[in-house]
Every structure is written in structure tokens, then in C-alpha cells.
Amino acid sequence: MHFLSPDLDAYAERHTVEEPAVLRELAEETRASVELPNMLSGHLQGRFLSMISQLIVPKCILEIGTYTGYSALCLVEGLATDGVLHTIDINTRLAGIVDKYLRKAGVHDRVHQHLAPAVDVIPRIEGTFDLVFIDADKPNYSNYFDLVVDRVRPGGVIIADNVLWSGKVLDDPAKQDNETRGLVAYASKVKGDPRVENMLLPLRDGLLISRRK
């Protein structure tokens, strides 16, 4: 579902800073050779993630759901000089393309790829998080939130992707699939959590931004 007309999408992109060449190359390869290329964050959302990261200047970023690495490359643009980004995925088939573009971008030594279930990996990562990006299996969004919220520093941010789910979050609850129900449950959960304040931004397929109080 397009929430804006293609013309308005194009207008928004024309008035947004261009994506770096390495990201354009990665996007082209993803669309040409990888299943479900619509999972790619893309130009507009990618520049938003980059800007948020540059505003926060995080020392530790956690990304849950790597796919081909586009969003990781956007998030790392704002990383503090001594910072690190941990990105987690279970799809080992895409690890090669992720590694390839991390090296092309010159950030391979600042990004740690974890190829295992996030619920197992997150407890093993030490310290606090300044920025968390959740873009993985939708039924587990609430579980991921529970695992990270008390480890996000005050003023830190959790961003969850796909929270509008092509409008399916408005469907009759009795007809919603597990992914849609997971996203609806997540939105309700963070709305009622006194530890965070939230904004649902209708950018692309919806970003729910939660700032740790």
C-alpha cells in the first residue's frame, strides 16, 4: 500500500539529501537478486534513520533485523567515534552481502553481525543502548521491547518499523493474522508504558518512535 501518491513520494525524495553511492549500489543489488526487496528501508526512511542517529551520536546501537544491511549502514553514519553497532538476524544466506557492503563502506570494524535469534543474543550484549531499531519478526516486537527498554539510557530512542503494516492494523481484529496482531499489540504496549513517550510517524510503512524518559 502507498500512503502517499508516487508523485508525492518522488517529491519528498527530491527534497531529501541523496543517499550515499554505496547505499544506492546495495539497494540495486538487493532489488535485483534478493527475495522480498520491499523489506529494504530505502532512500527516504534511510535518510531519516541516518539523521536520527546523527542527532543522538550513539555509542551503542542495537538493530534487530539486518536483512541486507541497508538500515545498518544508515544508522552507523551517526555513530560516535568509539561507538559500535550490533545487528542481529537469523538469515545466514544474506550475511555475505551484508559483510560485502560493510567493507565497501569502510565500517566493518564498527559493526558486529550476530547470526542467531535476537532473544538469545540481546542478553549477551553488555552495556546500555543509545538507539535501538526493531525491524524483525512482528509477533516478537513486544518481546524485543521488554528485553531492551530498561537498557536504553534516558533520552535514548527505540524505533520500530512497519507499524502501519500496509494499513492492516485497522482490519477487524478477528481477521488479523499473527504479524498484524503482533504490531497492534506492540503499539498498545508502548503507548501504555510510563517509561517511554511515543510518536507514530507515518513514514513509509510507519515508524513508532519511543524516547526513554
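The values are calculated or read from the model by the stated rules, or taken from the named source; none is laboratory data. None of the values given here were measured: they were computed from a predicted structure. As a convention, Cβ positions derive from the backbone with ideal geometry for all residues, glycine included, and neighbour counts pool all protein chains shown. Note: areas computed on protein heavy atoms with side chains; ligands, DNA, RNA excluded. Shrake-Rupley method; radii C 1.70, N 1.55, O 1.52, S 1.80 Å.
Structure values in brief
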quantity	calculated
Unmet criterion (only one of (1) touching a helix residue (DSSP H, G or I) at 6+ places or on another chain (Cβ under 9 Å); (2) surrounded by fewer than 19 Cβ atoms within 10 Å (Cβ to Cβ); (3) under 26 Å from P117 (Cβ atoms); (4) modelled with pLDDT of 95 or more) for K59	(1)
Candidates V17, V34 - the one that is among the hydrophobic types (A, V, I, L, M, F, W, C), open to solvent by 10 Å² or more (accessible area, probe 1.4 Å) and touching a residue at least 60 places away in the same chain (Cβ under 8 Å)	V34
Hits in the range 93-109 - residues which are of a type in the set (A, V, I, L, M), assigned to a helix (DSSP H, G or I) and surrounded by 17 or more Cβ atoms within 10 Å (Cβ to Cβ)	L94, I97, V98, L102
Number of the exception - H112 against (1) open to solvent by less than 20 Å² (accessible area, probe 1.4 Å); (2) over 24 Å from D193 (Cβ atoms); (3) in a strand (DSSP E or B); (4) not acidic (D, E)	(1)
Within the range 40-56, tally of residues that are under 24 Å from V119 (Cα atoms) and free of Cβ contacts under 8 Å to residues at least 40 places away in the same chain	1
Extreme residue, surrounded by the fewest Cβ atoms within 10 Å (Cβ to Cβ), among residues of the range 62-92 that are in a helix (DSSP H, G or I) and not aliphatic (A, V, I, L, M)	T92
Residues of the range 120-134 classified as in contact with a Phe, Trp or Tyr (Cβ under 8 Å, 6 or more places away or on another chain) and part of a helix (DSSP H, G or I), total	1
